[in-house]
Each structure stands twice: as C-alpha cells, then as structure tokens.
Amino acid sequence: MRAAQAGVERRKLFDKLFVLLGLVVLVAAFAVLFALFLDLLRQGAPRLDWDFLTSYASRKPEQAGILAAWVGTSLIMVVTACVAMPVGVAAAIYLEEYAPKNWVTAIIEINVTNLAGVPSIIYGLLALGLFVYKLGLGQSILAAGLTLALLILPIVIVATREAVRAVPRPIREAAYALGATRWEVTAHHVLPYSMGGVLTGMIIGLSRAIGETAPIITIGALSFIAFLPTPPLTGEFPFLSFAWLKDAFTAMPIQMFNWVSRPDPGFRVNAAAAGAILLGMTLLMNGIAIWLRYRFRKKINW
Amino acid sequence: MVTPKSPAPFAKSIRRRRARDRVIESLLLLAGLVAVFTTLAIVWILVAEALPFFSHVPLADFLTDTMWTPLFAEPRYGILPLVAGTLVTTFVALALAIPAGTIIAIYLSEFASHRVRESVKPALEMLGAVPTVVYGYFALVMVTPFLQKLLPGLPGFNMLSAGLVIGIMIVPYVASVSEDAMRAVPNYMREGSYAMGATRLQTATRVVVPGALSGIAAAYILGISRAVGETMVVAVAAGLQPNLTWNPTESAATITSFIVQVSLGDLPHESIGYQSIFAAGLVLLVITLAFNIVGFALTRRFREAY
C-alpha cells in the first residue's frame with residue numbers, strides 16, 4: 001500500500017516536472033526569438049530613417065537605401081496577388097463545390113498537398129527554365145511575380161477550401177431550392193460568406209511571398225539597381241503602362257541578402273535595417289490576417 | 001412578374017444560365033489543373049535541363065565522386081559533399097526542433113490553460129512567416145559569435161549555427177502541427193485513461209501521443225522537408241565551400257546554397273554550370289519527395305480510426 005502511494009507521489013512529481021519543462025522550452029523558444037528580433041531592431045536603428053527609404057543602393061554603406069528594393073517588392077506582390085488570388089480561389093471552389101469524386105479530383109488534391117512541400121528554390125529553378133528561358137520572359141518583374149504566385153498557390157487553395165467548407169449546407173440548399181444554379185449558389189452565397197477566410201489566406205500567402213528570397217535569386221534578380229521600373233501611370237492616353245512587367249528588378253530580401261553577405265560592417269547595419277523593415281511588413285500582414293479572421297468570425301452567426 | 005402562361009422566357013433564361021454554368025465549371029477545373037501542370041512542369045524542366053549535364057558527367061561519377069569543384073580547371077562533379085552538407089544541417093536542426101517542438105505541443109495540448117493556448121497558437125503561426133533571410137542574418141551575425149564564445153576556434157561560417165537557427169525556425173511548424181494532431185484525439189480516450197488512475201503525463205505519453213502518431217509523424221516530415229529545402233540560412237551562414245564532412249562545426253555548402261551561389265554569378269544559358277544547378281535541384285527534389293512519401297506511408301500506417 002505504501003509502495004503504491006510512493007509511486008503515485010512520484011508520478012505526480014513527474015507531472016509537475018513536465019509542466020515546468022514545457023514552460024521552460026516554450027518561454028526559451030519565444031525568448032530567443034524575441035531577443036534576436038530586438039537585437040535586429042537595435043542594430044538597424046541608426047539607418048531607419050526617410051533617406052534609407054528614398055535612396056538607391058550604393059557602394060558607400062551610409063548612403064545606401066532600399067528605394068529600388070521596396071518598389072520592386074511592391075510591384076512583384078501586385079503581380080503575385082493578381083495571379084494567385086483568382087487561380088487559387090477558383091481551384092479551391094472547384095475542389096469544394098464542383099469536383100466529382102473521381103481520379104482527376106484525386107490527382108489535383110495530391111498535387112496541391114505535394115506542392116506545399118516542395119522547397120521554394122525548386123520553384124526558382126522551374127521559373128528559371130520555364131519563365132525566363134522557355135517562355136522568354138527574361139529576368140523580369142513578371143517572371144518573379146508568376147513564380148511567387150505558383151509558390152503560394154497551395155496556401156491560398158487550402159485556406160479558401162477551409163473557408164468555403166465552413167459555410168453550412170442549409171445555405172446552399174436554400175439557394176438551390178429557389179432555383180439557383182450551382183454557380184449562382186457559389187457566387188451569391190458561398191463566396192460572400194467565406195470572403196473573410198479567403199482574404200486571410202491571401203494575406204498569409206502574400207506575407208510568405210514577400211520574404212521569399214531563394215526563388216527570386218535563382219531567376220536572376222539584380223542586387224545593384226539604381227533606377228526604378230517604368231512607372232505604371234503615364235501622362236498620355238491610355239494612362240496605364242505595363243512596360244514595368246518586363247523590367248529588371250531587385251527586392252527587399254535580395255537587398256538584405258546582398259548586404260549581409262558583404263564583410264563591411266557598415267553594410268551589416270543596412271542589412272539589419274532592411275531586415276527590421278521586412279520583418280515589420282510580414283508581422284503586420286499576419287496581424288491583419290489574424291484580426292480579419294477574428295472579425296469575420298464574430299460577425300457571422302449561423 | 002412572369003405569369004405561368006408564358007414559360008418561354010423562363011426556359012430560355014434557364015438554358016442560358018445552365019450554359020454559363022458549364023463554361024464556368026470548366027474554367028474552375030482549369031484553375032484546379034494548374035497545380036497538376038506545375039508539378040509536371042517542375043519535373044519536366046528539371047529533367048530536361050539536367051539531361052545534357054548527365055551526358056557530360058556519368059551518373060555513377062555524379063553519385064559517387066567525393067569532390068564538387070565545378071569551377072576548377074579540371075571540374076569534378078560529385079554530389080556527395082553537397083548531400084552531406086544538407087544532411088548535417090538538417091540533422092542539427094532536427095536534433096533541436098523535434099524535442100522542443102514535441103514538448104511544446106504536448107504542453108499546449110495537454111497541460112496549458114485555454115487562454116495560454118489561444119494566445120500561443122497565433123504567435124507560433126506568425127513566427128512561421130518570418131522571412132528566412134532574416135533568420136540567416138541571425139545565424140551569421142548573432143548566433144555564430146555566441147557559439148564562438150562556447151567553442152573557441154569555430155569558423156565564422158559553420159553548419160552548427162545554420163542548423164541551430166533552422167531548428168529554431170521549424171520549432172513552430174513542428175509544435176503547431178503536432179498540437180493539432182493531439183487535439184484531434186477524442187476526449188473520451190483521455191477520460192478513460194484518467195479513470196484508470198493515470199496522471200496527465202502518463203495519459204499524454206501513453207494515450208494521446210500514440211493516438212496522434214500519424215499527425216505527429218506528418219509534423220516531423222514537414223519539419224524535415226523544410227530543413228532539407230532551407231536555402232537562405234545556409235547560404236548566409238554555413239559557407240559556400242563544398243566540403244565532405246560530417247562535422248557540424250566545419251563550414252560546408254549544401255545543395256540549396258550551391259544553387260544560390262551559382263545563380264548569383266551570371267552563368268550563360270546552356271553552360272555546364274547552368275545545367276549543374278538543375279542536376280542538384282533534381283537530387284533535392286528526389287530527397288524531399290522520398291521524405292514526403294515516407295511521411296504519407298507513415299500517416300497511412302498509424303492512422304487510428306475513432
């Protein structure tokens with residue numbers, strides 16, 4: 001009896017020790033990352049000013065800035081969003097609302113899952129072979145945007161499917177009962193209700209794309225650019241120009257990588273500043289996504 | 001209002017709407033097929049661009065030669081040093097991420113209060129979005145100097161620091177996915193265990209973890225393929241010299257960092273250097289694919305039906 005009692009006591013002690021271990025590991029993981037982020041901010045702080053945002057890269061670290069980089073990143077994100085959003089949402093709607101249970105659907109599903117596990121640099125090689133050379137797009141903003149769109153497609157598809165699946169069946173059935181066709185049910189009811197989830201998925205996908213470095217290096221981003229792409233708005237009719245799609249580019253993560261791989265400590269400071277801005281962008285986007293998810297969840301009461 | 005007497009406009013509109021539906025359905029199917037085309041294109045491009053490489057370099061040499069010196073006067077193309085670099089950094093990363101990720105997952109799923117879990121989960125997901133080049137900066141500028149204090153003589157570029165930072169990077173993935181799997185174990189199984197007098201820890205390790213094994217295996221596999229494919233951390237912090245070694249305190253190139261190094265230079269299309277990155281990419285794809293298939297088989301094997 002006393003032996004059993006001792007066993008119980010010991011096991012209870014193990015329980016407490018594990019709680020302690022769990023807390024220590026959890027706190028340690030967050031503390032390490034927090035310390036690293038803080039250090040990044042502290043090291044980059046001297047360069048975080050207006051000049052840094054409005055100057056081109058330069059051979060002198062104290063004069064270098066990220067103008068070409070953030071403009072390049074923004075334009076690439078426009079291309080990525082314009083391609084990944086419609087294709088991803090359409091694919092997700094097909095899989096959730098239309099797809100019959102057959103081998104075609106099974107193959108699509110397997111491919112979406114599998115693509116999510118393909119390393120990003122492989123997408124870079126795909127883009128180098130296909131977009132840059134076979135399709136002759138060159139080392140352009142268009143090629144980079146398309147590459148990142150393919151890269152985040154699985155994320156957008158999975159998030160949209162979850163959002164669409166969360167719309168209750170009775171809503172669809174009510175619409176069908178009134179004579180709506182399948183597309184009308186989807187476009188008038190299912191999509192509006194799942195818009196929160198779709199947007200969340202899209203923002204998370206873009207926040208992933210914004211920091212992707214490897215595939216963009218592979219297709220040949222330049223790290224030293226002292227000009228901006230052709231402006232998309234022009235003074236003459238039709239006021240819109242798409243010439244920028246074919247322009248050479250650099251991007252935020254490329255600029256940071258370039259600076260961090262130079263031995264001059266002055267460039268390390270620039271790298272830290274660029275990293276802090278990049279980190280701020282991704283965390284901000286994720287924060288918005290989480291907030292959106294929360295708001296849409298609260299607004300809808302089935 | 002349309003009266004029942006004139007059904008014709010109705011019928012016409014229905015026919016038109018149905019026709020529109022069919023067009024839209026095929027467009028949606030086309031979007032779904034983009035995923036299939038992407039996979040096919042990846043395999044096609046890698047194989048087509050690597051084939052000319054293998055007509056220069058026999059496959060046997062590629063797989064068994066112990067030197068990777070594509071830029072030397074007498075180039076040697078043995079993939080082993082790059083594979084070794086990849087495996088060493090991956091191993092270091094997993095040695096950190098699997099224990100830490102699993103402990104965090106068990107803690108969150110079985111011990112933590114609802115409030116703690118609800119605030120830690122989004123934070124974990126947010127950490128997954130931190131750009132990898134930022135982690136590369138951490139490895140080179142912060143972790144390596146720290147490790148040099150502990151291990152005097154550690155070179156400025158080394159696989160240990162890169163591996164550890166990749167480990168920190170994938171802890172959130174492993175923790176988050178394993179935690180999801182553990183939450184999916186139904187409560188009556190825990191209650192049965194408690195009723196037999198088991199403590200929380202015993203329930204966690206003997207009931208919940210075995211029950212969630214398929215999901216936990218999937219989490220580990222996800223972590224492994226992240227670590228194998230991770231590029232920027234190793235390109236920044238592990239050094240770019242191919243080096244056939246199993247010692248993590250040395251510097252070495254990985255498959256991914258070799259591809260980055262070549263891409264940074266301006267290699268002419270059709271040159272052997274250009275082709276060699278596709279051959280390296282093919283090896284990387286085969287390695288990750290192998291892990292994914294093992295993971296798929298594991299989840300099948302250990303799937304418990306509730």
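The values are calculated or read from the model by the stated rules, or taken from the named source; none is laboratory data. From a predicted model like this one, the values you see are computed outputs, not experimental measurements. Please note: Cβ atoms are built from the backbone with ideal geometry, for glycine as well, and neighbour counts cover all protein chains shown.
How many residues does the range B:65-116 contain that are without any contact (Cβ under 8 Å) to a residue 40 or more places away in the chain, of a type in the set (S, T, N, Q) and touching a helix residue (DSSP H, G or I) at 6+ places or on another chain (Cβ under 7 Å)?
0
Please state which of the following conditions A:ALA273 fails to meet, knowing it meets all the rest: (1) buried (at least 20 other Cβ atoms within 10 Å of the Cβ); (2) within 9 Å of chain B (Cβ to nearest Cβ); (3) small (Gly, Ala, Ser).
Among (1) buried (at least 20 other Cβ atoms within 10 Å of the Cβ); (2) within 9 Å of chain B (Cβ to nearest Cβ); (3) small (Gly, Ala, Ser), A:ALA273 violates only (2).
Can you spot a residue in the range A:64-82 that is surrounded by fewer than 20 Cβ atoms within 10 Å (Cβ to Cβ), more than 24 Å from the chain's Cα centre (by Cα), at pLDDT below 85 and under 28 Å from B:ALA235 (Cα atoms)?
no
Within the range A:93-114, does at least one residue satisfy the condition of being facing chain B (nearest Cβ under 7 Å), under 26 Å from B:ALA227 (Cβ atoms) and assigned to a loop (DSSP other than H, G, I, E, B)?
no
Exactly one of these conditions fails for B:ILE166: (1) under 20 Å from A:ARG208 (Cβ atoms); (2) touching a residue at least 60 places away in the same chain (Cβ under 8 Å); (3) within 10 Å of chain A (Cβ to nearest Cβ); (4) not charged (D, E, K, R). Give me its number.
For B:ILE166, the exception is condition (3).
What number of residues in the range B:31-60 are assigned to a helix (DSSP H, G or I), more than 8 Å from chain A (Cβ to nearest Cβ) and aliphatic (A, V, I, L, M)?
At the first step, the residues of the range B:31-60 found to be assigned to a helix (DSSP H, G or I) are B:31-56, B:59-60.
Next cut, more than 8 Å from chain A (Cβ to nearest Cβ) only: B:37, B:40, B:43-44, B:47, B:50-56, B:59-60.
Within this subset, residues satisfying the condition of being aliphatic (A, V, I, L, M) are B:40, B:43, B:47, B:50-51, B:59-60.
The total comes to 7.
For the range B:170-203, enumerate the residues that are surrounded by fewer than 20 Cβ atoms within 10 Å (Cβ to Cβ), away from chain A (no Cβ under 14 Å) and over 26 Å from A:GLU9 (Cα atoms).
If the condition is that a residue be surrounded by fewer than 20 Cβ atoms within 10 Å (Cβ to Cβ), away from chain A (no Cβ under 14 Å) and over 26 Å from A:GLU9 (Cα atoms), then B:ARG183, B:ALA184, B:PRO186 are the ones that fit.
Regarding B:GLY211, is this residue at pLDDT 90 or above, buried (at least 18 other Cβ atoms within 10 Å of the Cβ) and within 30 Å of the chain's Cα centre (by Cα)? Break it down stepwise before answering.
Working: at pLDDT 90 or above: no; buried (at least 18 other Cβ atoms within 10 Å of the Cβ): yes; within 30 Å of the chain's Cα centre (by Cα): yes.
So B:GLY211 fails the test.
Given the options B:GLY192, B:GLY136, B:GLY211, name the one that is under 18 Å from A:LEU36 (Cα atoms) and of a type outside the set (D, E, K, R). Even if it seems obvious, please write down each step before you answer.
Details: B:GLY192 fails: under 18 Å from A:LEU36 (Cα atoms); B:GLY211 fails: under 18 Å from A:LEU36 (Cα atoms).
Matching residue, one of B:GLY192, B:GLY136, B:GLY211: B:GLY136.
Yes or no: B:VAL236 closer than 19 Å to B:THR132 by Cβ and either of a type in the set (Asp, Glu) or without any contact (Cβ under 8 Å) to a residue 40 or more places away in the chain (or both)? Don't jump to the end; show me each part of the working.
Details: closer than 19 Å to B:THR132 by Cβ: yes; either of a type in the set (Asp, Glu) or without any contact (Cβ under 8 Å) to a residue 40 or more places away in the chain (or both): no.
Here the answer is no, as B:VAL236 does not meet what is asked.
Among A:ALA6, A:ALA28, A:ALA35, which is the only one that is of a type in the set (Gly, Ala, Ser), outside the structural domain of A:MET256 (by TED's automatic domain parsing) and under 16 Å from B:ILE106 (Cβ atoms)?
On the way: A:ALA6 fails: under 16 Å from B:ILE106 (Cβ atoms); A:ALA35 fails: under 16 Å from B:ILE106 (Cβ atoms).
The unique qualifying residue is A:ALA28.
How many residues does the range B:204-244 contain that are of a type in the set (Val, Ile, Thr), away from chain A (no Cβ under 12 Å) and not in a helix (DSSP H, G or I)?
Looking only at the range B:204-244, we keep the residues that are of a type in the set (Val, Ile, Thr), and these are B:205, B:207-209, B:216, B:221, B:224, B:228, B:231, B:233-234, B:236.
Narrowing the set further to residues that are away from chain A (no Cβ under 12 Å) leaves B:207-209, B:216.
Checking the rest, the ones that are also not in a helix (DSSP H, G or I) come to none.
The total comes to 0.
Counting only residues that are over 22 Å from B:LEU201 (Cβ atoms) and not in a helix (DSSP H, G or I), which one in the range B:100-133 is farthest from the other protein chains (Cβ to nearest Cβ)?
Among residues in the range B:100-133 that are over 22 Å from B:LEU201 (Cβ atoms) and not in a helix (DSSP H, G or I), the one farthest from the other protein chains (Cβ to nearest Cβ) is B:GLY128.
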